[in-house]
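Before any comments, here is the structure.
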Amino acid sequence: NNVQVPEDVDKLGVVYVGQDELEAGKKSARLAADSAVKGGRKSGVILVGIQHPDSANMIQQLAGVKAGIPDYNKKNGTSFTLQNFADKSLNVAEGIPRYEAKLTALGGKLAAIIASSHGGGQAAVKVLQDKGRKPGAVPIGVIGGVFAVTGPQIKQGWVQWGLDQQSYMQGYVAAALGWAKSARQFGISGYNTGGGVVTKANVDAVMKREA
């Protein structure tokens, strides 16, 4: 489910099944800024932690955030800025000191955090807990939510939202499309499994679905 690259699609005859990563980044920018505004801010730094900076998916996510923040500012009279870094959160223990350094350096300028993965969300939450901050004091959103991990953090108020990329559907739809093409010679096209936003209002249902 890597990001659809037109030349690869033409050469290999494959389609993309997964979250629209560019739109996920744009949506994340809007959600992060909205959360900061609800907390009383009109400016500050939205910090974006990228797990794999060379991943095609995460490059698209970051491009979406970079486009989304200025667009939000223009529409809402805010002046949020973006700072991104490689959080190395595939290993949460490695991600924690990276978030610690960023949060310490930004201090009161920090308006919100966007993590590209649930590991980044875990690392950011741990740093805030160690600093004695209360849940929700710094809004956190997760683009690549695995809700067995991110769900409890949403319920506790540490993470405000996660994007539901629907991993189950990525596998199910890809298999169905593969069968349709190989067994029945149907023409097939890509499928966007993402778009859903998980918050306290619906996290129980999503966690039950993914259990």
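The values are calculated or read from the model by the stated rules, or taken from the named source; none is laboratory data. All figures in this text were calculated on a predicted structure; none of them were measured in a lab. When we count neighbours, we look across all protein chains shown, and the Cβ atoms used for this are built from the backbone with ideal geometry, even at glycine. Keep in mind that these areas ignore ligands, DNA and RNA; they rest on the heavy atoms of the full protein, side chains included. Shrake-Rupley method; radii C 1.70, N 1.55, O 1.52, S 1.80 Å.
Some observations on this one:
- Qualifying residue in region 73-85 (condition: farther than 30 Å from GLN170 by Cβ, in contact with a strand residue (DSSP E or B) (Cβ under 9 Å, 6 or more places away or on another chain), open to solvent by 10 Å² or more (accessible area, probe 1.4 Å) and part of a helix (DSSP H, G or I)): yes
- Any pair with Cβ under 8 angstrom, 6 or more apart, that starts in region 189-211 at a residue that is at positive phi and ends at one that is open to solvent by 40 Å² or more (accessible area, probe 1.4 Å) and assigned to a loop (DSSP other than H, G, I, E, B): GLY195/ASP20
- Scanning region 139-160 for residues that are over 19 Å from ALA24 (Cβ atoms) and within 16 Å of the chain's Cα centre (by Cα), we see that the one that is surrounded by the most Cβ atoms within 10 Å (Cβ to Cβ) is TRP158.
- Of all residues in region 102-138, those being touching a Phe, Trp or Tyr at 6+ places or on another chain (Cβ under 9 Å), assigned to a helix (DSSP H, G or I) and open to solvent by less than 60 Å² (accessible area, probe 1.4 Å) number 9.
- Answer residue from region 187-211, given it is open to solvent by 50 Å² or more (accessible area, probe 1.4 Å) and small (Gly, Ala, Ser) and is nearest to LEU31 (Cα to Cα) among those: ALA201
- ILE114 being within 20 Å of GLU23 (Cβ to Cβ), without any contact (Cβ under 8 Å) to a residue 60 or more places away in the chain and touching a strand residue (DSSP E or B) at 6+ places or on another chain (Cβ under 6 Å): no
- PRO70 vs. criteria farther than 30 Å from GLY178 by Cβ, at pLDDT below 95 and either in a strand (DSSP E or B) or open to solvent by 30 Å² or more (accessible area, probe 1.4 Å) (or both): no
- Residues of region 177-186 satisfying the condition of being open to solvent by 50 Å² or more (accessible area, probe 1.4 Å), assigned to a helix (DSSP H, G or I) and of a type outside the set (Phe, Trp, Tyr): LYS181, SER182, ARG184
- Here ARG30 does not qualify as surrounded by 15 or more Cβ atoms within 10 Å (Cβ to Cβ), in a loop (DSSP other than H, G, I, E, B) and of a type outside the set (A, V, I, L, M).
- Checking the stated criteria, GLY44 turns out not to satisfy the condition of being surrounded by fewer than 17 Cβ atoms within 10 Å (Cβ to Cβ) and either of a type in the set (Asp, Glu) or at pLDDT 95 or above (or both).
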